[in-house]
Amino acid sequence: MFLLKTWRSTAFGLYGYLNFTKSGFIEHSKNFKAEDIQIRIDGKNCIVTGANSGIGFATAQGLASRGATVYLVCRNKERGEAALSQIKSSTGNKNVHLEVCDLSSLSDIKSFASRFALKDEPLHVLVNNAGVLENNRVTTSEGQEMNFAVNVLGTYAMTELLLPSLEKAVPDARVITVASGGMYTAPLTKDLQFSDGNFNGVEQYARNKRVQVALTEKWAEMYKNKEIGFYSMHPGWAETPGVTKSLPDFSKSFSGKLRTSEEGADTVIWLALQPKEKLVSGTFYFDRAEATKHLMFAATKGSHALIDSIVEDLRSMSGISS
């Protein structure tokens, strides 16, 4: 197991250095089509979680600049209001709204979903961007490990509860989950709250992101008849407030080599804009292209067989019936 973990970390580091940095974005962008990102989505409703900074802010701003009605879902009201004001000012779009919701709280998520349902409006795009990397074990007021609560349980609950609103927007409805290349280092595990062994926040974050990718596959399978597209993506290594806070050594080591938040958000916006016939539901995307979900010899692929059991656990924990 030690050798396998070492190989995963080494392969991930090399693959990441060659692809996930700013230079990787510049190289990959040579294949981008400018017209793909110039599409207008006037009148479409989009929800972006964790929208007050970093990739979430850049995504919300990008969608608003293309005419969408955007709902910023933020935990902190003051920071959310600052982001709201900045996006309205920079885009000239007045159809941008703030919703205060703590993604680590199932109670908060259920309250928000109920409020949104009362609008009786179609939801065209849900961007599950909110994420956290707590290096030390923190338990939420509802008894969940914090990383898991936000990255996995919160993402699951938000998506499941908003399905009725998404169904109102078919065939355009889509869910985009911002995962991370960190998932390459971790297989799926039933130990969702890192109860076994000494807690490691970085490893738990990688595990969470692996669940997001496998969950996207499962949603695509479960809801294929609903005509909702489900996509996960990796933004690359971007210089965001979250990375600076949670991975200070990494941030310093790659100073000047990391992507901007806008570059990190590029594929999120691209996924939101493309005609669905160009996309494959359940797929993992990176730099506007389908990407592998597993590195060579990393022995992570077989672990995805656990996703059915994990979905059952999430359904039970959230109290949400399918």
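Structure values in brief
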quantity: Candidates ALA298, ALA272, filtered to the one that is part of a helix (DSSP H, G or I) and surrounded by 15 or more Cβ atoms within 10 Å (Cβ to Cβ); calculated: ALA272
quantity: Search result, residues across the stretch 95-128 that are of a type in the set (S, T, N, Q) and out of contact with any strand residue (DSSP E or B) (no Cβ under 6 Å at 6 or more places or on another chain); calculated: SER104, SER105, SER107, SER111, SER114
quantity: Hits in the stretch 113-145 - residues which are open to solvent by 40 Å² or more (accessible area, probe 1.4 Å), under 17 Å from the mean Cα position of the chain (by Cα) and over 21 Å from CYS46 (Cα atoms); calculated: GLU134
quantity: Single residue of ALA238, ALA291 found to be open to solvent by 10 Å² or more (accessible area, probe 1.4 Å) and closer than 22 Å to TYR184 by Cα; calculated: ALA291
quantity: Some residue of the stretch 290-303 being under 17 Å from the mean Cα position of the chain (by Cα) and on the phi > 0 side of the Ramachandran plot; calculated: no
quantity: Helices (runs of 4 or more DSSP H) contained entirely in the stretch 29-143, each with at least 2 residues that are within 27 Å of ARG207 (Cα to Cα) and touching a residue at least 60 places away in the same chain (Cβ under 8 Å); calculated: 54-64
quantity: Set LEU72, LEU3, LEU18: member being in contact with a Gly (Cβ under 8 Å, 6 or more places away or on another chain) and open to solvent by 50 Å² or more (accessible area, probe 1.4 Å); calculated: LEU18
quantity: Helices (runs of 4 or more DSSP H) fully within the stretch 150-234 counting 1 or more residues that are of a type in the set (Val, Ile, Thr) and open to solvent by less than 40 Å² (accessible area, probe 1.4 Å); calculated: 155-161, 201-222
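The values are calculated or read from the model by the stated rules, or taken from the named source; none is laboratory data. Only a predicted model underlies this, so the values are computations on that prediction, with no experimental measurement involved. We place every Cβ from the backbone using ideal geometry, glycine too, and count neighbours over all the protein chains shown. Protein only, heavy atoms only, side chains kept; ligands, DNA and RNA dropped before computing areas. Shrake-Rupley method; radii C 1.70, N 1.55, O 1.52, S 1.80 Å.
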